[in-house]
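Data block below; observations after.
The values are calculated or read from the model by the stated rules, or taken from the named source; none is laboratory data. Here the structure is a predicted model, which means the values were calculated and not measured. Here the Cβ positions follow ideal geometry from the backbone for every residue, glycine too, while neighbour counts run over all protein chains shown.
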């Protein structure tokens, strides 16, 4: 049996899915704009398992969205995933947050998909995939300008997806640009990706695995009153 619990906490969406041989059977998530992972993640896990009538001991692996994304959100998700793996003695699978997000777009054969997550100001976390979800340009933390992604836009239609898209829409007016705004990563798109990694035996070292932050965490400095 292949029962994989998929956990996505890289953005404000607290999302949990159960996959059986790559097929999503239950999904529970909160698409609100506020971070609620600390309060909702563990109850969501329990609700998903109960809905699927699956005991934790029947799980084959835990899949975690590894980032980039929110520092705190990723820490909460990875900590929960590691705890389950340790307790149950099962492997950990990591899924690129941006790759999973790209799978929310179905496009023409010659098109590109650019998953784009909000970072700060005019900065986003992004990558470029082809229509078959093969990585064309690696993940970067980049400052958006009106010339960003021009080499792809000149070739074909480019689908921009994620909560960082609104920033780019304001400055990009290329006719080949398609903007799919305010879409958040979901555990739903992790199911088939996680099953493929399980089949290949592509697991993480539970003891040493860390989220892919892409940038160092910078704590805010309180303003003096």
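For this structure, a couple of remarks:
- Top-ranked residue in segment 117-147 [being in a loop (DSSP other than H, G, I, E, B) and touching a helix residue (DSSP H, G or I) at 6+ places or on another chain (Cβ under 7 Å); ranked as modelled with the lowest pLDDT]: 122
- Candidates 54, 7, 45: the one that is closer than 23 Å to residue 139 by Cβ and either touching a strand residue (DSSP E or B) at 6+ places or on another chain (Cβ under 8 Å) or outside any loop (DSSP other than H, G, I, E, B) (or both) is 7.
- Boolean, residue 1 is more than 18 Å from the chain's Cα centre (by Cα) and in a loop (DSSP other than H, G, I, E, B): yes
- Across segment 1-30, the qualifying residues are those that are without any contact (Cβ under 8 Å) to a residue 60 or more places away in the chain and surrounded by fewer than 24 Cβ atoms within 10 Å (Cβ to Cβ), and the one among them that is nearest to residue 89 (Cα to Cα) is 3.
- Hits in segment 182-196 (condition: more than 17 Å from residue 77 (Cβ to Cβ) and either part of a helix (DSSP H, G or I) or touching a strand residue (DSSP E or B) at 6+ places or on another chain (Cβ under 8 Å) (or both)): 183, 192, 195, 196
- Taking segment 148-169 as the range and being in a loop (DSSP other than H, G, I, E, B) and surrounded by 15 or more Cβ atoms within 10 Å (Cβ to Cβ) as the test, the residues that pass are 148, 149, 156, 157, 163, 164.
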